[in-house]
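First the structure, in the form of structure tokens, and then the observations on it.
The values are calculated or read from the model by the stated rules, or taken from the named source; none is laboratory data. Everything quoted here is computed from the prediction, not taken from an experiment. Note that each Cβ is placed from the backbone with ideal geometry, even for glycine, and that neighbours are counted across all protein chains shown.
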Amino acid sequence: MKLHQLSVFSENKPGHVVAPCRLLAQEGIDIRALSLADTERFGILRMIVSDWRRAKDLLEQSGSVVKITEVLAVEVPDHPGGLADVLEAFIGTPINIEYMYAFPFVRGEKAVLIFRFDQPDAAIERLQERGFQVLSIGALEER
Amino acid sequence: MNTVTALSTGAAPFQPESAPDYLPAAILRELQLGRLRSIVERAWSAVPLHRSRMKERGIEPGDLQSLEDIAALPFTTKADLRDTYPFGLFASPMQDIVRLHASSGTTGKPIVVAYTREDVDVWTSVMVRSFATCGLHAGDIVQNAYGYGLFTGGLGAHYGAEGLGATVIPISGGNTDRQIMVMRDFGVTAICSTPSYFLHLVERAGQLGVDIRALPLRAGVFGAEPWTASMRKRIESASGIQAFDIYGLSEIIGPGVAVECPHQDGLHIFEDHFYPEIVDPETGRALPEGEEGELVLTTLSKLAMPMIRYRTRDITALMPGVCPCGRSLRRMRRIGRRSDDMLIVRGVNVFPSQVEAALLEVEGTLPHYQIILTCEQGLDQIEVQVEVTPEMFSDQIGVLERLNQRISDSLEHVLGIRAQVTLVEPLTIQRSEGKARRVIDRRTVQP
């Protein structure tokens, strides 16, 4: 259920984000989900890809610093309140969301939310209790 | 022979080449004086610059009656080597010279140094003694990651390790993944490189899932750039090896001027070939034993290019007392800084070694850094760029920002001024021959 997210350090300079993306493209690795967190001076490119082990090796060989983190992909209906319903599931629990990003799918009227929790296992339990669907990488790729 | 065997430490067999390390002080001084007289005589008769400098001071080689008289001789500086480029300080005709090396030279022309066959033999012998001092012996497998070429590091270490009877892997610098493969597959027991390159290699090994601590590697002989005691601690704890400091410079011979023994308390100078003095870097006046100042070296046996009182710019002190290892060779403190690497930023003295120490204070950081000085509206700005390593990297912005803040606080604490800290991508800082370029000064002199 937990997905392996790749984070890549990038300086906040023109052209610095494109290099890892181009490298993965050349090697035929699909980026399933992506977010760029940035500050004035540096950024963190977070990605969920089709083959995280190979992507990590390729990026490290090219000199990048890569970190693997476990995240959850949660499917919600793509309508107002879809996100709020998920977030409310964690009110009053000790589980914290470190960060999240979302993307909709054209087909199926669903959206997928990627969450980085401080306690991913507890979060899976909570989400399933509340009837949310936590996607595996296979399920994410079918979307 | 019995006393000598008893004096040697550890399991390493005694090397016959190491015998001069244990000469009684009186005999060593006598040997030095004899060699000093003949080398000064040689410099006088074969090198016009040395002769004219001595004449200016009203000195002739025959005036040298004791070792203390050396203080009357003129200094030689790096500028003299540049001014006489390429061959002006050679004391041997080219047919007697078997090797030339040259410094990389960041500005302008390089400096060129020469060796006769006898000089190469002396160099090999001091490198054999250096490795033996670090406990290396025949049977060791030595990965020589110093650059081969005009730089003296590669060939100096190569000849020494081979002379010792060890197995040398002449891998030279660079291609880190191959270095790690060779280290693991060939059962390497000792490595030579710059300390910063070795640390990079350890990090990369971690990324590749190779645990250096589990390999047979037990010793590293590191030099060619100044490094701090905290850097040694970091290297030793990250790799499980013993890290030895070796000192040398091309102008004198290359690596093999001085080295640490397993007590790691100062570097033994191979005094039978290199005569050390400590002088005040400002006035050039000789300083008493134990006082910190600039190291000045005189080559006692170099034929192709004798160096008389060469100003090394390295700041150190000669240590009083005798080392428990039993060597009678005097020790100098490890070089922490050079007289010419002091930066003045907003009126405050800053040394790159302080920046290194401040970075090592912060958990998870490695001293891959560069100092960039600029001037904005008449005010000096100091920026310290730090390469991000897997150890310190996080997927969370907040963690990186707090790390940035901790580095910045540590720098302010050590330097006394605030520095802008910038995290940069790995391997973006320029390196040459494995030596990291630590300072970029973009301040222009205001008219």
Go through the residues of segment B:60-83 one by one and say whether even a single one is assigned to a loop (DSSP other than H, G, I, E, B), in contact (Cβ under 8 Å) with a residue 40 or more places away in the chain and more than 22 Å from B:T312 (Cα to Cα). no
Would you pick out the residues in segment B:355-379 that are at negative phi, surrounded by fewer than 18 Cβ atoms within 10 Å (Cβ to Cβ) and either within 13 Å of chain A (Cβ to nearest Cβ) or of a type outside the set (A, V, I, L, M, F, W, C) (or both)? B:E361, B:E363, B:T374, B:E376
Name the residue that is nearest to the other protein chains (Cβ to nearest Cβ), counting only residues in segment B:391-413 that are in contact with a helix residue (DSSP H, G or I) (Cβ under 9 Å, 6 or more places away or on another chain) and buried (at least 18 other Cβ atoms within 10 Å of the Cβ). B:F393
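Conditions (1) outside any helix (DSSP H, G or I); (2) of a type in the set (D, E), marked per residue:
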{"position": "B:K109", "(1), (2)": "yes, no"}
{"position": "B:D119", "(1), (2)": "no, yes"}
{"position": "B:W123", "(1), (2)": "no, no"}
{"position": "B:V128", "(1), (2)": "no, no"}
{"position": "B:G147", "(1), (2)": "yes, no"}
{"position": "B:L155", "(1), (2)": "no, no"}
{"position": "B:H158", "(1), (2)": "no, no"}
{"position": "B:E162", "(1), (2)": "no, yes"}
Can you work out which of the residues in segment B:47-97 that are surrounded by 18 or more Cβ atoms within 10 Å (Cβ to Cβ) and small (G, A, S) is nearest to B:V279 (Cα to Cα)? B:A91
Those residues of segment A:20-56 which are of a type in the set (A, V, I, L, M), within 14 Å of chain B (Cβ to nearest Cβ) and surrounded by fewer than 16 Cβ atoms within 10 Å (Cβ to Cβ), in sequence order: A:L36
Is it true that A:E75 is surrounded by 15 or more Cβ atoms within 10 Å (Cβ to Cβ), of a type in the set (D, E) and either closer than 20 Å to A:V17 by Cβ or within 14 Å of chain B (Cβ to nearest Cβ) (or both)? no
Give me the residue from segment B:335-362 that is part of a loop (DSSP other than H, G, I, E, B) and in contact (Cβ under 8 Å) with a residue 24 or more places away in the chain and, out of that set, nearest to B:L379 (Cα to Cα). B:R346
Tally, over segment B:310-334, of residues that are in contact (Cβ under 8 Å) with a residue 12 or more places away in the chain, over 30 Å from B:D441 (Cα atoms) and either not in a loop (DSSP other than H, G, I, E, B) or not polar (S, T, N, Q) (or both): 12
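Quick check on A:D85: is it in the same structural domain as A:V8 (by TED's automatic domain parsing) and either aliphatic (A, V, I, L, M) or surrounded by 13 or more Cβ atoms within 10 Å (Cβ to Cβ) (or both)? Even if it seems obvious, please write down each step before you answer.
Numbers: in the same structural domain as A:V8 (by TED's automatic domain parsing): no; either aliphatic (A, V, I, L, M) or surrounded by 13 or more Cβ atoms within 10 Å (Cβ to Cβ) (or both): yes.
No.
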Six or more apart or on different chains, Cβ under 6 Å: which pairs go from a residue in segment B:135-149 that's within 22 Å of B:G174 (Cα to Cα) to one that's charged (D, E, K, R)? Could you list them? B:G147/B:E433
Out of A:S64, A:S10, which single residue is assigned to a loop (DSSP other than H, G, I, E, B), within 14 Å of chain B (Cβ to nearest Cβ), among the polar types (S, T, N, Q) and crowded, with 18+ Cβ neighbours inside 10 Å? A:S64
